[in-house]
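Taking it in order: structure first as structure tokens, then the write-up.
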Amino acid sequence: MTALRALLRKELLVLFGSPMAYVALTLVVLVTGLIFFDHLRLYNQTLFLFASSNMGGFESDTVPDYINLRDTVFFPVMETLGITLIGLIPLVTMRVFAEERARGTDELLVTTALTPAQIVLAKFAVTYLFVTIMMLASFVYPAMAIIEGGIGAQHLASVFVGLSLHAIALASIGLACSAYTSNQLVAAVAGWAVGFVLWDFSWLSSFSFVGERSIAFLDAISLHLRYGSFAEGIVNLGHLVYFVALAALAAAIARFSFDWRRVAG
Amino acid sequence: MPGLALCGLIALAFAGGAYYATGSFATFSMVNAVLGLLALGAAAIGTVRRARGGASPAFRAVLARGLLGIALVLGAGVTLERLATASELQWDWSFEKRFELSEGTRTRLQELCGRASATLYADEYDPRARSTRLLLRTMAASDCLPFRERNLADSAADEDRFGIGSSNTVVIEVGGQFETVSRPTEGTLYEALSRLARPDAGVLYVTRGAGEGSLTRNDGSGFSGLREALLTEGFRLRDLVTAATDEIPADADAVLLLAPERPLPAPAIAALRAHLERGGRLVVFLEPGGESGLDPLLSEWGITSPDALVIDPASGPVEGAAPGTSPLAFHYGTHPISAGLDAGRMTFFPGVRSFALRKPQPNDRMETIVHSSGRAWLSTDLEATRRNRPPERPEDAMEDYHSLVVAARYPRGDQEARIVAFGDAQLASNQYLRALYNLDLVMNAMHWATEHTAPGTRPKVVAVSGRLQLPLPLQNTLTMFQGVGLLLPELLLIAGALFWARSRV
């Protein structure tokens with residue numbers, strides 16, 4: 001237990017004491033901010049365009065329903081943020097296992113009283129904490145859109161849960177990739193590639209030989225559909241279990257890397 | 001092998017990326033997808049060979065245990081996810097509870113189960129399609145309305161066939177019949193499902209000629225919304241011109257009187273009396289101050305109504321009306337007409353009179369369906385609804401639970417006459433029919449009168465909140481951008497720089 005606590009402490013210090021973490025946080029906040037304000041600017045322009053081309057302006061009921069903060073700002077920002085995280089989260093996870101391997105400290109870790117499963121759990125837990133903080137920081141803008149748009153606190157909670165679960169799923173994928181290499185860049189690229197492939201399989205429906213059952217299966221494992229329903233305010237038990245199962249599977253794969261190294265070197 | 005696998009993954013990611021960027025699966029995507037899959041396959045085969053060839057039996061056992069662990073986690077995850085999905089358990093945290101289906105929608109879905117299917121036609125980047133997709137997916141979860149999605153740009157033939165005018169249109173098909181819903185919400189989909197279900201709620205004769213509310217007028221004080229709701233729920237409407245009526249047609253399941261402003265002719269009153277005596281049904285909407293000439297007839301059947309206005313402190317704010325004159329009712333009797341209504345599901349009566357009940361015969365059953373609050377009193381100042389000043393309260397005014405809607409059954413031999421009386425007609429007007437739960441109350445009354453089962457509470461109108469369409473002024477946007485958009489990243493970067501500097505010391 002003491003060893004586990006020491007490992008958790010060390011992981012926290014390494015993560016929060018490293019400038020790289022703050023650079024990643026800054027990048028996420030900055031990118032989210034730019035996406036948000038760009039959509040807000042477009043929304044204001046569109047709204048004024050409709051209002052000024054109709055004599056009655058905002059009171060005339062002539063602005064189309066879909067020009068509103070929710071559909072024009074909030075949802076597109078969430079959509080873009082979902083894809084952006086695929087690129088940013090691996091920057092946080094790439095070093096977690098790969099750095100230990102590159103420095104050879106992973107072998108030292110294995111010689112401690114800790115089991116490989118405990119090592120994996122500690123690293124996953126600390127990364128999840130960091131990713132959740134990252135989501136809190138990036139959520140300032142969508143939250144502002146929600147508050148301004150009067151969408152409500154419950155909806156806000158739903159979106160945050162969805163965003164955090166999506167980020168945690170991407171972090172899990174990134175960690176699993178990091179566990180199989182000593183090169184941080186390879187870990188980041190692998191995490192990015194797997195995340196992007198898993199994001200959405202709708203492109204496969206272009207093929208006539210992909211049947212409806214296959215499409216349904218691929219839809220069931222894609223991140224986009226699961227994440228999207230939270231943005232709409234739906235908290236579905238199936239989606240929650242999906243994200244938890246994905247994290248557990250990634251942890252099991254990361255755990256297997258210790259066995260794999262013993263065999264394959 | 002890891003390098004090959006990584007290249008395969010990158011190729012697959014670019015195949016998908018190119019599809020997102022261009023919207024079509026062109027040669028670039030195709031080549032990348034094929035090469036990516038080949039590389040992943042080769043890497044997998046190579047990895048297995050390496051593990052089999054290079055490892056001792058002891059190591060193979062370690063590998064097998066590890067892989068078994070992954071397989072177990074995967075199996076458990078898939079099983080749990082399938083169980084959770086099958087449970088259909090979800091919480092609607094959206095602002096307007098847009099994805100919680102009403103009883104009415106669920107009833108219609110059950111009626112059409114196995115026969116209906118829905119197709120969403122949308123442009124690829126239409127933001128509205130997301131909500132519609134989720135709504136249809138919620139409906140599809142009942143296994144009664146499978147849905148698919150079609151790109152509008154690829155569906156020219158369907159556009160002509162179904163009369164699709166814009167993106168985000170839903171077509172519901174039942175056999176050879178279809179309904180096209182161009183602004184899909186739960187309410188409009190419910191109406192389409194209702195039309196396809198073709199329920200038969202009976203023949204309703206609507207009186208005309210004595211200044212009744214018009215079922216064809218589209219403005220706020222008209223009743224065209226009520227007409228649409230009646231048709232949607234399967235009522236067949238017939239006109240009954242009171243000036244030329246001396247007998248109610250035998251096929252009438254019920255007669256509807258919508259706030260006559262002038263007294264009905266004596267032959268029409270006599271016809272209504274005869275209609276009731278042979279077990280007919282009557283739904284009456286009265287207004288305070290109205291001279292319908294129905295009072296003696298209703299009195300014969302035990303329903304009397306003082307010509308007074310109910311003043312209730314529990315009133316809704318209506319522009320131009322005196323405070324207290326528009327009761328918000330939330331006390332309901334237990335009755336099929338008030339099924340699904342409770343203290344949290346209020347109804348709204350903009351200017352209402354009350355009723356008193358007295359049984360004509362011992363076996364008759366007369367019930368109050370909607371009460372005012374216990375602090376309501378009666379005022380004879382009938383003009384109060386039009387002033388912005390509350391009527392003066394007489395010293396002897398009695399506070400009581402006044403009856404705003406009543407229903408009565410009169411068993412006569414093997415027949416049973418029924419009367420439903422509303423103390424207000426405006427609650428069924430276009431302006432107020434869809435306010436709160438007025439529509440449910442009115443339609444339940446119609447179904448009860450004609451002895452048909454109502455489908456349950458109906459979907460509520462979901463409107464885009466006015467605040468959602470207000471612009472954020474440029475100055476506010478700039479302040480937000482400088483205050484939060486730049487300050488937060490700056491502080492984070494400063495923190496990172498401090499940690500970096502500290503680590504160098």
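Out of (1) in contact with a strand residue (DSSP E or B) (Cβ under 8 Å, 6 or more places away or on another chain); (2) part of a loop (DSSP other than H, G, I, E, B); (3) touching a residue at least 24 places away in the same chain (Cβ under 8 Å), the odd one out for B:R345 is which? It fails just one condition, (1). Note on the range B:481-496: residues that are modelled with pLDDT of 75 or more and facing another protein chain (nearest Cβ under 7 Å) amount to 6.
Yes/no matrix, rows are residues, columns are (1) more than 9 Å from chain A (Cβ to nearest Cβ); (2) under 17 Å from the mean Cα position of the chain (by Cα):
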{"residue": "B:L63", "(1), (2)": "no, no"}
{"residue": "B:I70", "(1), (2)": "no, no"}
{"residue": "B:T85", "(1), (2)": "no, no"}
{"residue": "B:L89", "(1), (2)": "no, no"}
{"residue": "B:R115", "(1), (2)": "yes, no"}
{"residue": "B:A118", "(1), (2)": "yes, no"}
{"residue": "B:M139", "(1), (2)": "yes, yes"}
{"residue": "B:D160", "(1), (2)": "yes, no"}
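Among the candidates B:S182, B:S155, the residue that is within 18 Å of the chain's Cα centre (by Cα) and farther than 16 Å from B:T105 by Cα is uniquely B:S182. Restricting B:L189, B:L256 to those that are at pLDDT below 95 and touching a Leu at 6+ places or on another chain (Cβ under 9 Å) reduces the list to B:L189.
Inside the range B:109-124, can you point out the residues that are in contact with a strand residue (DSSP E or B) (Cβ under 9 Å, 6 or more places away or on another chain) and either within 20 Å of B:E173 (Cβ to Cβ) or of a type in the set (S, T, Y) (or both)? It would help to see each step written out before you state the result.
Here is the first cut: in the range B:109-124, the residues in contact with a strand residue (DSSP E or B) (Cβ under 9 Å, 6 or more places away or on another chain) are B:109, B:112, B:115-124.
The answer is B:L109, B:L112, B:R115, B:A116, B:S117, B:A118, B:T119, B:L120, B:Y121, B:A122.
For the range B:281-316, the set of residues classified as within 35 Å of the chain's Cα centre (by Cα), closer than 23 Å to B:M398 by Cα and part of a loop (DSSP other than H, G, I, E, B) consists of B:L286, B:E287, B:P288, B:G289, B:S305, B:A308, B:D312, B:P313, B:A314, B:G316, listed by residue number. Here B:E96 fits the description: at pLDDT below 85 and of a type in the set (D, E). Filter the range B:91-113 down to the residues that are among the small types (G, A, S) and more than 10 Å from chain A (Cβ to nearest Cβ), then identify the one that is surrounded by the fewest Cβ atoms within 10 Å (Cβ to Cβ). The extreme case among them is B:S102.
Checked against (1) over 28 Å from B:G413 (Cα atoms); (2) loosely packed, with under 15 Cβ neighbours inside 10 Å, B:D246 passes all but condition (1).
Being within 20 Å of the chain's Cα centre (by Cα) and within 14 Å of chain A (Cβ to nearest Cβ) is the requirement here; does B:R148 meet it? Quick ask: steps written out before the conclusion?
Details: within 20 Å of the chain's Cα centre (by Cα): no; within 14 Å of chain A (Cβ to nearest Cβ): yes.
The answer is no for B:R148.
At pLDDT 80 or above, of a type in the set (G, A, S) and buried (at least 21 other Cβ atoms within 10 Å of the Cβ): is that true of A:A145 in this structure? Here the answer is no, as A:A145 does not meet what is asked. How about the range B:415-452: which of its residues are of a type in the set (D, E, K, R), in a strand (DSSP E or B) and farther than 20 Å from B:S292 by Cα? Answer for the range B:415-452, where residues must be of a type in the set (D, E, K, R), in a strand (DSSP E or B) and farther than 20 Å from B:S292 by Cα: just B:E416.
What do you reckon, is B:L297 touching a strand residue (DSSP E or B) at 6+ places or on another chain (Cβ under 7 Å), under 21 Å from B:V206 (Cα atoms) and touching a residue at least 24 places away in the same chain (Cβ under 8 Å)?
Working: touching a strand residue (DSSP E or B) at 6+ places or on another chain (Cβ under 7 Å): no; under 21 Å from B:V206 (Cα atoms): yes; touching a residue at least 24 places away in the same chain (Cβ under 8 Å): yes.
In short, no.
The values are calculated or read from the model by the stated rules, or taken from the named source; none is laboratory data. Source: prediction; values computed, not measured. Because the Cβ atoms are built from the backbone with ideal geometry, glycine has one as well, and the counts that use them run over all protein chains shown.
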